[in-house]
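The numbers here are math on the coordinates, done by the rules we state, and not lab data. Please read these numbers as outputs of a predicted model, since none were measured by experiment. No Cβ is skipped: glycine too gets one built from the backbone with ideal geometry, and neighbour counts run over all protein chains shown.
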Amino acid sequence: MPLPKAELHLHIEGTLEPELAFALAERNGVELPYADADALREAYRFEDLQSFLDLYYELMAVLREEADFEELADAYLARAAAQGVRHAEIFFDPQAHTERGVDIGTVIEGLGRALDRGEERHGITTGLILCFLRDKRAESALATLESAKPYLHRLTAVGLDSAEAGNPPGAFAAVYEAAAALGLRKVAHAGEEGPAAYVREALDVLGVERVDHGLRCLDDPGLVERLARERIPLTLCPLSNVRLRVVDTLADHPLPRMMDAGLLCTVNSDDPAYFGGYVGDTFHALRDALGLDEERLRELARNSFEAAFLPEERKRAYLAEVAAYEFE
Ligand code: ADE
Ligand code: ZN
């Protein structure tokens, strides 16, 4: 039995496996510029975040109908459950779909259908996090939030993702304020490729409760101290960092140093279909590359539930599962 854990940084569009992409392409009459799934997988060699995003957005063309989003989310939940995920807070990028003429309701209702069955079918509780694309204008983010209002009951939080360099979080202050007024929680990608100053800005201007990635906080010792003192969770994605060349190798990942500095670190998979593994695979890879012992792995699992947007009672129940877990 795998270690129970929560996944807090997972883009549902980043779980689109090549085989499913080709199946959906055929079903929807979409032409893909790759001969087959293997040829597509061959293209997964990235220079940086942007080179990944180009392919990630291109492949979304196969997602058109409610049933496509449902199938995508159901496939993720099945894989995640097999790797010990008990709770998942799942990002989606509505603007990447509405721009292609797919209605936001199609996206949310499709994902929602799979998530509604998540607990019964896969034993996973879920939340949905609507992400704004930071390389689009703030007006587009505001219009997206407005269009999501009929589906508010399905949403847990808002997030901010896409190309970080040159796109500081502060531009989205008004939409974050509007989201908070609607009762949504707040997270944002910051400090993945962008500077530590973007992490500070996400905290101070957007008021985020969790920072996605946040790795570059290490360039600012005062910020590290603050994140540790305020117990602000970081949702780290080590396999993503290697594939997008944010760190050289997994053995070089600063995770142990960050835990030693008192940061509330969690481990997540980001875009597992593209980066070589789901979250259980990531735990195993970290154990092997960094020599994390059982207590460190248990601490990461504990952190994942502590950082989750879950009611206290549910959190306590999951934490009890982590405490009782026996490593094989
Ligand atoms: N969208 C999907 N994955 C992302 C990442 N790692 N950073 C920013 N935006 C993303
Ligand atoms: Zn991400």
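Points to keep in mind about this one:
- Sequence-distant contacts, meaning Cα pairs under 8 Å at least 6 residues apart, place the relative contact order of segment 5-320 at 19 percent.
- Using θ = phi - 60° and Karplus 6.51 cos²θ - 1.76 cosθ + 1.60, couplings along segment 190-195 (whole Hz; Gly, Pro as x): 7, x, 8, 10, x, x
- Per-residue Cβ neighbour counts within 10 Å put H11, H153 in the sequence H153, H11, beginning with the fewest.
- Exposure proxy ranking for T249, T126, T235, T156, based on other Cβ atoms within 10 angstrom of each Cβ and starting from the fewest, stands as T249, T156, T126, T235.
- Partners for K136 among lysines (Cα-Cα distance below 19 Å; same-chain residues under 8 apart left out): K186
- The ranking of L319, L215 by Cβ neighbour count inside 10 Å, starting from the fewest, reads L319, L215.
- Shape category assigned to the chain from the gyration tensor of Cα positions, a/c cut at 1.5: rounded
- The Cα center of segment 265-322 and the Cα center of segment 89-123 differ in position by 23 Å.
- The mean sequence distance of close C-alpha pairs (under 8 Å, at least 6 residues apart), as a share of the length of segment 228-328, puts its relative contact order at 25 percent.
- Each residue of segment 10-27 is assigned a 3J(HN,Hα), and the resulting list reads 8, 8, 4, 5, x, 9, 6, 6, x, 5, 5, 4, 5, 4, 5, 4, 5, 4 Hz, derived from the Karplus form 6.51 cos²θ - 1.76 cosθ + 1.60 (θ = phi - 60°), x at Gly and Pro.
- 3J(HN,Hα) along segment 311-323: x, 3, 5, 5, 4, 4, 5, 5, 5, 5, 5, 5, 4 Hz, from the Karplus curve 6.51 cos²θ - 1.76 cosθ + 1.60 with θ = phi - 60°, whole Hz, x for Gly and Pro.
- Estimated dipole of the chain in Debye, rounded to 20 [Cβ of Lys and Arg +1, of Asp and Glu -1, Cα centre]: 920 debye
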